[in-house]
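The values are calculated or read from the model by the stated rules, or taken from the named source; none is laboratory data. Predicted, not measured: the structure shown is a model, and the values here were computed from it. When we count neighbours, we look across all protein chains shown, and the Cβ atoms used for this are built from the backbone with ideal geometry, even at glycine. Only protein heavy atoms, including side chains, enter the accessible area calculation; ligands, DNA and RNA are left aside. Shrake-Rupley method; radii C 1.70, N 1.55, O 1.52, S 1.80 Å.
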Amino acid sequence: MGFVQTWTSAQAKAELDQLLEAAKNQGPQEIKDSRGSFTVRFNAPNRSQSVTEFLSKGLPDE
């Protein structure tokens, strides 16, 4: 994983596209504000799952 950048909430709002790209390409990004810190991380879809595995899980409960 790459460098984890810390963003202020104002930076995150102003540069949302860059924040998301950094999370995708560099790893989890941290946003700090007066309430604490938040972590933004990219989760790629799991494309290695077979159809059988997917169907065997069933539908989510509502």
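Within segment 18-31, residues that are open to solvent by 90 Å² or more (accessible area, probe 1.4 Å) sit with their Cβ atoms under 6 Å from residues that are at pLDDT below 95, at 6+ positions apart or across chains, in these pairs: 24/42.
Exactly one residue among 45, 28 is modelled with pLDDT under 85 and out of contact with any Pro (no Cβ under 9 Å at 6 or more places or on another chain), and that residue is 45. Here residue 14 clears all of (1) at pLDDT 95 or above; (2) touching a strand residue (DSSP E or B) at 6+ places or on another chain (Cβ under 7 Å) except the condition numbered (2).
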